[in-house]
Amino acid sequence: MHNYTNEVYVGGNMAQEIRLNKYISESGLCSRRQADKLIEEGKITVDGVVADLGTKVDGSQAVKYQGKLIRPVNKTVIYAYNKPIGQVCTSAEADKDSIFNYVKFPVRVNYVGRLDKDSSGLLLLTNDGELSNHIQKARYNHEKEYRVRVNRDITDEFIEKMSDGVPILDTVTKKCTVKKTGARTFSIVLTQGINRQIRRMCEYFGYRVVNLKRVRMLNVRIEGIRPGEYRELSREEESKLRRLVREGE
């Protein structure tokens, strides 16, 4: 969860009451689940009163997080960023290698899903908390594509077993699309986001990941973005992204 130091903003105007966790999520501050935790911890107030999980708001109240006001903004943005190896998906205050210490985005945004420090590639960032939440929920089966290099030659058996699901962390990964692209390289399309999933899957079969790069999230691709640089999604990309998210619900 990004640690805000200034005002937090939500997109759009509300015409009716919504649950407080949804309001907080739409600010881009954190997910609904994390918002519930903040509410339970007494860190959210509505008109000066500590909120509870059943609280609803209509946009007219003063909603604050640790004393800082959550207020509407007029525009939501979505950026595509090519994260280099070595940068960390966390708040600027939590780690000197945070992506937010390398890039100063014009609008305050949060990342959509993580890439670990040793991985590179496409990272979406947005101030639309609701969109972010839906993209990250595994039950919607949103695709993320990776290119992977391992430390030894790949067999057909490895490709087949990776595709069928792998037992890691007390679960079995969902079936996925895996294609061999070279003697020691393959592409893989996942629809879930278990911590260090591809690395753990490879380790199960005795392979070690040497390089891992995310090249696509849903319809958004990394082509044309240099490492350490970002761009705002085009209208066509954003429209298609939101349509795919809606269709997956």
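General observations
- Top-ranked residue of region 125-143 - restricted to ones that are among the charged types (D, E, K, R) and in a loop (DSSP other than H, G, I, E, B), ranked as farthest from Val210 (Cα to Cα): Asp128
- Selection status of Val189, touching a helix residue (DSSP H, G or I) at 6+ places or on another chain (Cβ under 6 Å) and β-branched (Val, Ile, Thr): no
- Condition check for Lys37: part of a helix (DSSP H, G or I), within 22 Å of the chain's Cα centre (by Cα) and at pLDDT below 85: no
- Residue in region 103-115 that is modelled with pLDDT under 95, under 23 Å from the mean Cα position of the chain (by Cα) and exposed (fewer than 15 other Cβ atoms within 10 Å of the Cβ) present: yes
- Checked against (1) farther than 26 Å from Arg32 by Cβ; (2) touching a helix residue (DSSP H, G or I) at 6+ places or on another chain (Cβ under 8 Å), Ala183 passes all but condition (2).
The values are calculated or read from the model by the stated rules, or taken from the named source; none is laboratory data. Computed from a prediction, not measured in an experiment: that's the story for all the values here. A quick note on method: Cβ atoms are made from the backbone with ideal geometry, for glycine too, and the neighbour counts reach across all protein chains shown.
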